[in-house]
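Scroll down for the structure; my scribbles are underneath it.
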Amino acid sequence: MLCTQNAYTVPQNIATVCAGLLEKFGKAETDGCGNVLCKVGEHRPERKTLLLNAHIDEIAMIVTHIDESGFLKVGKCGGIDVRVLPASRVTIFHNDGKTTSKYYGVLTSVPPHLQTDSSKAAKLDDLFIDTGLGKKAKELISQGDMVLIENRPLEMGSLVTAKALDDRACVMAVLLALEKLVGKETAYNIEVLFSSGEELGSRGAKPGAFKSNADLALIFDVTFGRVHGESDDEYCAIGGGAAIGVSPVLSRELTNALTKTAENAGLPYQTEVMGGGTGTDADAIAVTKGGIPSCTVSIPIKYMHTPVEAVDMNDVENTAALTALFCEGGDTVANR
Amino acid sequence: MRTDEYLEELCALAGVSGDEGAVRDYIISKLSGEFEYTVDPLGSVIVRVKGRNPAKHRLMFSAHMDEVGLIVTFVCSDGCLKFSSVGGIDSRVLYGKRVFVGKDRVPGVIAGTAVHNLSDEELKTAPDEKTLVIDIGCSDKESAEKLVRQGDTVIFDSEFARFGENNETYCSRAIDDRAGCAIMLKMIEDVPEYDTTFCFVVQEEVGLRGAKAAAYTADPEFAIVLETTTAADIPSSKAEKRVCEVGKGAVVSFMDRHTLYDRELYRMAFDTAAEKNIPCQTKSVVAGGNDAGAIHVSRGGVRTAAVSLPCRYLHSPSCVIEKSDLEAVYRLAKELSARIQQL
């Protein structure tokens with residue numbers, strides 16, 4: 001369900017859907033940036049507040065030009081992998097503020113019969129979206145409309161493939177963790193921030209974390225899972241469990257506590273070491289207000305920033321289990 | 001049944017070259033005992049239809065059942081599949097597409113290195129079948145081989161879609177040449193004016209092979225090939241590079257890479273189109289080729305014409321045609337076949 005939603009449909013969009021999903025755990029609110037914030041359960045002043053964050057935006061395209069024959073030019077919204085675009089099918093979302101109209105389109109490609117050199121990668125500049133709408137395209141579609149390749153989830157062996165698994169797989173892991181915590185005593189006050197705008201530079205997480213009362217934060221995002229031809233010293237293993245972050249910008253104390261929690265419970269986990277910035281919302285959240293000690297918990301993903309992203313559901317489950325145990329105080333950093 | 005309904009049903013079937021069985025079975029089922037047909041040794045279906053009148057000339061219509069796709073060449077130790085393309089596919093349309101492997105349609109994705117992890121040099125190069133694999137979600141060779149085998153054919157995951165103004169633009173894989181097959185089924189259903197032989201042939205995309213054998217068996221004096229041809233009418237291509245345009249009617253070729261077409265039939269096609277008010281255009285670039293290449297040199301030679309649908313993004317998962325062109329090709333094919341009998 002999470003992967004079939006997007007931010008561009010009114011009134012039902014990914015933020016309102018996520019707010020709805022959080023409602024059973026606590027009061028959830030959406031803000032003007034497209035974030036969803038939720039205070040889970042009871043908050044007591046003697047406990048520290050732990051923020052669980054995952055982002056709900058996804059990579060997309062945006063209409064920049066509409067021509068007389070019904071073809072559109074688009075720009076990138078986030079770092080979409082341009083190599084996937086030729087001959088892909090897309091959905092164009094046009095909003096009048098109240099309702100959304102969807103239009104079908106096909107990204108152009110030049111057939112092999114006419115190619116001179118097909119070894120050069122396609123460039124976004126050379127591609128158009130064919131809407132089949134002719135002159136009417138200008139009436140029905142506006143510059144600024146968003147465009148997605150809407151691959152719905154599909155089971156593939158032990159994996160699930162879909163668009164937007166970056167970062168909906170993590171949104172799901174957080175929701176599964178909250179379910180496990182229902183009726184249980186936790187070591188922290190739990191807050192959830194489902195942030196917007198991560199793919200454009202943590203634009204949602206900055207104000208979102210500012211509005212929270214977090215003392216500590218766990219940032220759930222996807223990380224590179226090993227694909228065919230890559231060696232095991234390069235990237236995380238698909239099916240190897242949550243990847244716990246280690247980085248100069250992260251809290252080593254949180255890293256150690258998460259690792260210990262996983263080890264004590266016998267949960268599979270792996271370590272993801274970064275030399276500096278993590279490329280996630282953690283980079284912004286850690287320096288919000290007077291500073292919020294943070295750590296990343298990542299789900300390995302294949303083919304990041306394509307419409308065929310793939311994750312192992314066991315990794316999602318194990319990430320949820322680790323998160324729930326940590327919240328319960330598996331290895332607590334609450335009272336330092 | 002309407003031609004576009006035949007087309008939608010035909011496009012739902014998998015029929016990569018050499019693996020056209022499902023398309024053949026469908027076509028035979030539509031002949032429903034009413035029409036006499038044979039399946040030749042290569043798998044082409046040859047239907048001899050009695051017209052309302054006996055024919056003066058032996059006329060053959062031909063369209064191919066096969067489509068471009070991929071074939072599994074090797075199952076790797078990590079469960080990924082190496083593949084080769086079947087027919088001409090631009091490698092730029094491969095990466096990041098969903099596919100179905102084999103008869104059981106095992107889902108997979110065409111996979112490679114994440115964009116973030118490529119060098120600047122790799123970013124400039126289109127990933128090709130040497131570096132790409134199909135990921136079917138298996139983590140080792142053993143579990144992958146429970147689902148697929150070497151030699152399985154692979155199609156793009158690409159549902160037939162109607163879109164654009166009035167939903168009269170169609171998008172699907174395999175429109176090349178299920179569109180020709182759909183038109184022939186409609187012509188058979190309507191029963192032609194004169195006796196006519198219809199050949200639904202195999203293996204066009206791997207070198208016009210099925211048509212070569214079928215033309216020998218059908219032994220025609222005249223042939224009309226019903227095809228789809230490259231329309232490059234996108235904003236970045238200049239008028240002289242567009243080949244033909246979607247929505248501008250049937251495409252009649254004077255020459256492509258395999259055939260110099262019969263001049264009298266070429267002119268006759270345009271005269272007929274003008275007379276009957278059927279939109280018609282020519283192919284303005286000498287490129288591509290079709291079964292006419294094999295048919296016109298069959299036996300002692302066959303006078304041959306090609307009437308095609310303009311089709312954008314040919315040989316990709318998303319071929320695009322328009323309903324009006326489908327109708328124009330159907331009408332022109334019908335009129336032209338009657339006119340040939342007057343020669």
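Where a number appears in this text, it was derived from the coordinates with a stated rule and is not lab data. It should be emphasised that the depicted structure is a prediction, and the values quoted were computed from it without experimental measurement. Counting neighbours? That spans all protein chains shown, and the Cβs are built from the backbone with ideal geometry, glycine included.
One table, with the values for the structure above:
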quantity	calculated
Summed side-chain charge close to B:Asp233 - residues other than B:Asp233 whose Cβ falls under 10 Å, Lys, Arg +1, Asp, Glu -1	+2
Segment B:1-95, relative contact order [Cα under 8 Å, separation at least 6], %	23 percent
Charge-dipole axis of chain B as Lys and Arg at +1 and Asp and Glu at -1 on Cβ define it, positive-most pick from B:Val109, B:Ala213, B:Ile89	B:Ala213
Long-range HN-HN contacts of B:Ala306 with modeled amide H, under 5 Å	B:Val225, B:Ser253
Simple Cβ-charge dipole of the protein assembly as shown, Lys/Arg +1 and Asp/Glu -1, about Cα centre, in debye nearest 20	1080 debye
Relative contact order, percent, chain A [alpha-carbon distance under 8 Å, six or more residues apart]	23 percent
Loop GluC sites (Glu not before Pro), segment B:106-182, which have at most 14 other Cβ atoms in a 10 Å radius of their Cβ (DSSP)	B:Glu159
Partners for B:Lys30 among lysines (Cα-Cα distance below 17 Å; same-chain residues under 8 apart left out)	B:Lys50, B:Lys186
Principal-axis tilt of helix B:175-189 within chain B, Cα atoms, nearest 10 degrees	40 degrees
Neighbour cut-off at most 11 other Cβ (10 Å), DSSP loop, GluC sites (Glu not before Pro), segment B:1-103	B:Glu34
Translational D in µm²/s for the protein assembly as shown (Stokes-Einstein at 4 °C, 1.567 mPa s, Kirkwood Rh from C-alpha pairs)	48 µm²/s
Prolate/oblate/rounded label for segment A:119-158 (Cα gyration tensor, a/c 1.5)	oblate
Long-range HN-HN contacts of A:Gln270 with modeled amide H, under 5 Å	A:Ala242, A:Ala243, A:Ile244
Proximal aspartates and glutamates relative to A:Lys211, as straight alpha-carbon distance under 13 Å, when same-chain residues fewer than 8 apart are discounted	A:Glu29, A:Asp31, A:Glu191
Theoretical ellipticity at 222 nm over chain A - DSSP helices of four or more residues, -39500 (n - 2.57) apiece, nearest 500	-6000 deg cm²/dmol
Fraction of alpha-carbon pairs over 18 Å apart in segment B:122-177 - percent	61 percent
Rg to Rh quotient for segment A:141-222, alpha carbon positions, Kirkwood Rh	1.05
Burial ordering of B:Thr304, A:Thr186, fewest other beta-carbon atoms within 10 Å first	A:Thr186, B:Thr304
Which listed pairs, of B:Lys276/B:Lys323; A:Lys24/A:Lys289; A:Lys163/B:Lys97; A:Lys73/A:Lys102; A:Lys260/A:Lys289; A:Lys48/A:Lys289, have C-alpha distances above 22 Å, in listed order	A:Lys24/A:Lys289; A:Lys260/A:Lys289
Sorted by Cβ neighbour density within 10 Å, fewest at the top, the residues A:Cys327, A:Cys295	A:Cys327, A:Cys295
Whole-angstrom gap from segment A:218-247 to segment A:57-122, using each part's C-alpha centre	30 Å
Nearest-ten-degree value, helix B:263-276 long axis tilted from longest Cα axis of chain B	80 degrees
In degrees, nearest ten, helix B:21-31 long axis to first principal axis of chain B (Cα)	30 degrees
Normalised alpha carbon radius of gyration of segment B:212-343 [divisor 2.2 N^0.38 Å]	1.03
Farthest toward positive dipole pole in segment B:70-156 [+1 Lys/Arg, -1 Asp/Glu at C-beta], among B:Ser139, B:Val75, B:Gly151	B:Gly151
Percent of Cα pairs exceeding the 17 Å cut-off, where the set is segment B:1-54	46 percent
Compactness of segment B:70-156 as Cα Rg over 2.2 N^0.38 Å, two decimals	1.06
Chain lengthening between A:Ser101 and A:His65 when straightened (0.36 nm per residue, less Cα-Cα)	11.1 nm
For A:Cys170, B:Cys311, order by how many other beta-carbon atoms lie within 10 Å, fewest first	B:Cys311, A:Cys170
Net dipole in debye of segment B:70-156 [+1 Lys, Arg Cβ; -1 Asp, Glu Cβ; about Cα centre; nearest 20]	340 debye
Listed residues A:Val171, A:Gly132, A:Phe71: farthest to the positive end of the dipole of segment A:63-202 (Cβ charges)	A:Gly132
Tensor-based shape of segment A:96-145 (alpha-carbon gyration tensor, a/c under 1.5 rounded, otherwise prolate or oblate)	prolate
Residues in segment B:63-96 that a label on B:Lys130 would reach, taking backbone N under 18 Å of a point 7 Å out along Cα→Cβ	B:73-74, B:82-86, B:89-95
Shape category assigned to segment A:60-148 from the gyration tensor of Cα positions, a/c cut at 1.5	prolate
Whichever aspartates and glutamates have a C-alpha closer than 15 Å to that of A:Lys136, once near sequence neighbours (fewer than 8 apart) are set aside	A:Asp67, A:Glu68, B:Glu165, B:Glu168
Kirkwood Rh, angstrom, chain B [1 / mean 1/r, Cα pairs]	20.7 Å
Approximate shape of chain A as ellipsoid semi-axes (Cα gyration tensor, √5λ), whole Å, largest first	37, 23, 16
Distant-in-sequence amide H partners of A:Val222 (H built 1.01 Å from N, under 5 Å)	A:Ile299
Value of relative contact order over segment B:167-243, rounded to a whole percent, pairs C-alpha under 8 Å and six or more apart	28 percent
